[in-house]
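The values are calculated or read from the model by the stated rules, or taken from the named source; none is laboratory data. Please read these numbers as outputs of a predicted model, since none were measured by experiment. Note that each Cβ is placed from the backbone with ideal geometry, even for glycine, and that neighbours are counted across all protein chains shown. Ligands, DNA and RNA are excluded from the accessible area calculation, which covers all protein heavy atoms including side chains. Shrake-Rupley method; radii C 1.70, N 1.55, O 1.52, S 1.80 Å.
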There are 2 protein chains.
Amino acid sequence: MHALADESRRTVLNALAEGPASAGELAALLPIARPGVSRHLRVLREAGLVEVRQQAQRRVYSLRPEPLAEVDEWLGRYRALWEQRLDALHTEVARGKRERRSSR
Amino acid sequence: MHALADESRRTVLNALAEGPASAGELAALLPIARPGVSRHLRVLREAGLVEVRQQAQRRVYSLRPEPLAEVDEWLGRYRALWEQRLDALHTEVARGKRERRSSR
DNA sequence: ACGTTATGTACCTTGACGGGTACGTAACGG
DNA sequence: CCGTTACGTACCCGTCAAGGTACATAACGT
C-alpha cells in the first residue's frame, strides 16, 4: 500500500492501465524530471505492481494488477460496512424528513 | 487516500471496523503514545473517515466508511484488468505445462 | 470547590521520501 | 568504433509528517 501513497505513482499506474508504455513516455506525463520517474518505477517494480521487458534500448513497463487485489481485499472488510451504512443513511434521511415536518 | 498512508491509521480503522471505541482504547492498541493517536484521529476526522460523539469525558470514535467507497471506485478501474489478467494467467499456466512437456 | 480521568494541542526533533543534477551504461545506427 | 538514444543510479537537499514531551482543558465523582 505504501507504493500507492504518492501522487506520481498513481499517475503512472493510471497511465499503465491504458496499456504498456516506456519509461520515457511515462516521464512525459509527469511534471517531474525523468530520473524521478525511473525511481518511481523502481519502487513500483519492487512492489510487484509493474513489470518490465527490454525492447531494444527502450524499457517497456506494463501493469501487474494482481497485487491491487490485496488492497481490494482489504477494502472488502469495509465494503459490507459502508453499504449497510449507506442504507441506514437512506432510511435516516426519510425519518429526518418526517421529524422536520412535525417538530423543529 | 493520503489519510490511509500511515500504518497506525489503518490499525485504527481496522479496530473501528469491529465497532466504536474511545480514543484511549484505540491508543492502547498502538505502540505509540496517546497524543500521537489523538493526532491520527484528528486527521481521520478531517478526512471524514471517522466521527466522534462525546460520552461523559470519553470521546467515542466510530467509522464513517462512506469515503472508502471512493478508494473502492478508484480500484474499480483496475478490477476488470486484474481479473482478465488472472484469467490470462490461468490459461498461460496450462499452455506452459504443454510446452514444457514437448520442448525445454 | 478539588482532585481525577480522558482527551486534545503546542512545540520541537528526527527520519523518510520526493525531487533535481550529474554521471554511468547498455543497445542501437552509421 | 563512435555518437546517439533511452535508461538507470549516486549524491545531495528541502520538506513534511510522525512521534515524544509538556501543558491546557473539559467532564465527572466526592
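Restricting the search to the range A:27-45, which residues are under 18 Å from A:Leu4 (Cα atoms) and more than 12 Å from DNA strand C (Cβ to nearest atom)?
If the condition is that a residue be under 18 Å from A:Leu4 (Cα atoms) and more than 12 Å from DNA strand C (Cβ to nearest atom), then A:Leu29, A:Arg45 are the ones that fit.
Among the residues of the range B:49-62, is any surrounded by 10 or more Cβ atoms within 10 Å (Cβ to Cβ), of a type in the set (Asp, Glu) and at pLDDT below 70? Spell out the reasoning first.
Our first condition is that a residue be surrounded by 10 or more Cβ atoms within 10 Å (Cβ to Cβ); within the range B:49-62, this holds for B:49-53, B:55, B:58-62.
Next cut, of a type in the set (Asp, Glu) only: B:51.
Narrowing the set further to residues that are at pLDDT below 70 leaves none.
So far as the range B:49-62 goes, no, none of its residues is surrounded by 10 or more Cβ atoms within 10 Å (Cβ to Cβ), of a type in the set (Asp, Glu) and at pLDDT below 70.
Quick one: count up the residues across the range B:39-48 that are open to solvent by less than 50 Å² (accessible area, probe 1.4 Å) and part of a helix (DSSP H, G or I).
Total meeting the criteria: 4.
Given B:Glu7, B:Glu18, B:Glu25, which one is open to solvent by 40 Å² or more (accessible area, probe 1.4 Å), among the acidic types (Asp, Glu), more than 24 Å from B:Ala69 (Cα to Cα) and free of Cβ contacts under 8 Å to residues at least 12 places away in the same chain?
Details: B:Glu7 fails: more than 24 Å from B:Ala69 (Cα to Cα); B:Glu18 fails: more than 24 Å from B:Ala69 (Cα to Cα).
The conditions single out B:Glu25.
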